[in-house]
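**Q** Here it is, the structure in full.
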Amino acid sequence: MAQSQDAVRELEELGFGAVWIPEAVGREPFASAALLLAGTKKIVVATGIASMYARTAVTMQAGQKTLTEAFPDRFLLGIGASHGNMVKALHKQSYDKPYSAMVEYLDTMDSGMFVAQAPSTPTHRVLAALGPKMVKLSGERADGAHPYFTTPDHTKVAREILGAGPTLAPEQAVIFETDPAKAREIARKFMGTYTRLPNYANNLLRHGFTEDDIKGPNGQSSDRLVDAICAWGTLDQIAKRIKEHFDAGASHVCVQVLRDDLVALPQEEWRELATLIPSFSK
């Protein structure tokens, strides 16, 4: 965690506006966000995402208000319904109707009790949204949407659903590798986790990819899908993909650097990406 604090301090100095942190089976996101916020001065920390099945709605809104009160305008709560296998295996809960469950969860959050010092600034939240119904809900009941494992085409459709106002913050995986075989090998290691999950697979099918693209004869994603999900190559080639998201209507792009080495933080790549910030700042 100390290394993460040092890294986020550098990201802040480099000019990045936000850092996104996951949950799944890693660090608890509210504790992690608190430590990162305490170790920095102005960068926004966003959860991408905090699972609604990992904590009650009242606990979720209490955590959000606690961090917003302590760090005004610097905490963005990303909430998601996660995935059926994780919800059942890790949290021992039903995953029958995630959309309806999300609506009820947001209702409970909005009416939840909080008797500690209230934040002096508004709280902000986005929803992990892939399908049209959840994207629409994210514009109606949150500040916007945080789609993951998507393409600029999805960004365009999501913006059309959301309209002009709400935040749209898609994730984009990038690989600083110009050799096609090496880049796609790194990409497939990353993508294998997600193509097995129905939520992501169904979203890809909605956007024109086929079952063969997702899981071809050899069990691997096609080059077409790999290249659509992961931007690889030179800094200019990566910048082109990020620009495609902005041109499609993104308010903010969460860039996730992938490397063959999954242990070391990609600080060299972050420094290269920082040179693009002036081009995309609004």
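**Q** Can you name every residue in the range 44-68 that is within 20 Å of F16 (Cα to Cα) and either without any contact (Cβ under 8 Å) to a residue 24 or more places away in the chain or touching a Gly at 6+ places or on another chain (Cβ under 7 Å) (or both)?
**A** V44, A46, T47, G48, I49
**Q** Evaluate the following for L204: is it within 17 Å of the chain's Cα centre (by Cα), under 22 Å from K182 (Cα atoms), at pLDDT 95 or above and not aromatic (F, W, Y)? Steps first, please.
**A** Numbers: within 17 Å of the chain's Cα centre (by Cα): yes; under 22 Å from K182 (Cα atoms): no; at pLDDT 95 or above: yes; not aromatic (F, W, Y): yes.
For L204, the condition - within 17 Å of the chain's Cα centre (by Cα), under 22 Å from K182 (Cα atoms), at pLDDT 95 or above and not aromatic (F, W, Y) - is not met.
**Q** In the set A142, A129, which member is under 16 Å from the mean Cα position of the chain (by Cα), buried (at least 24 other Cβ atoms within 10 Å of the Cβ) and not β-branched (V, I, T)?
**A** Numbers: A142 fails: buried (at least 24 other Cβ atoms within 10 Å of the Cβ).
Result of the check over A142, A129: A129.
**Q** Can you say whether T155 is surrounded by fewer than 24 Cβ atoms within 10 Å (Cβ to Cβ) and polar (S, T, N, Q), as far as the supplied structure shows? Give the derivation first.
**A** On the way: surrounded by fewer than 24 Cβ atoms within 10 Å (Cβ to Cβ): no; polar (S, T, N, Q): yes.
No, not satisfied.
**Q** Can you run down the residue pairs with Cβ atoms below 8 Å, 6 or more apart or on separate chains, where the first is in the range 111-135 and more than 16 Å from V253 (Cα to Cα) and the partner is surrounded by 19 or more Cβ atoms within 10 Å (Cβ to Cβ) and basic (K, R)?
**A** Here the result reads F114/K65; A116/K65; A118/K65; P119/K65; T123/K65, each pair linking the range 111-135 to a residue that is surrounded by 19 or more Cβ atoms within 10 Å (Cβ to Cβ) and basic (K, R).
**Q** Let me ask another. Give I49, I43, I79 a once-over and let me know the one that is touching a Phe, Trp or Tyr at 6+ places or on another chain (Cβ under 9 Å), over 23 Å from R141 (Cα atoms) and modelled with pLDDT of 95 or more. Steps first, please.
**A** Numbers: I49 fails: over 23 Å from R141 (Cα atoms); I79 fails: over 23 Å from R141 (Cα atoms).
Among I49, I43, I79, only I43 is touching a Phe, Trp or Tyr at 6+ places or on another chain (Cβ under 9 Å), over 23 Å from R141 (Cα atoms) and modelled with pLDDT of 95 or more.
Yes/no matrix, rows are residues, columns are (1) modelled with pLDDT of 95 or more; (2) more than 18 Å from I229 (Cβ to Cβ); (3) touching a helix residue (DSSP H, G or I) at 6+ places or on another chain (Cβ under 7 Å):
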residue: P152; (1), (2), (3): yes, no, yes
residue: T167; (1), (2), (3): yes, yes, no
residue: A183; (1), (2), (3): yes, no, no
residue: R196; (1), (2), (3): no, no, no
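The values are calculated or read from the model by the stated rules, or taken from the named source; none is laboratory data. What you see is a predicted model, and the numbers here were worked out from it, not measured in a lab. A quick note on method: Cβ atoms are made from the backbone with ideal geometry, for glycine too, and the neighbour counts reach across all protein chains shown.
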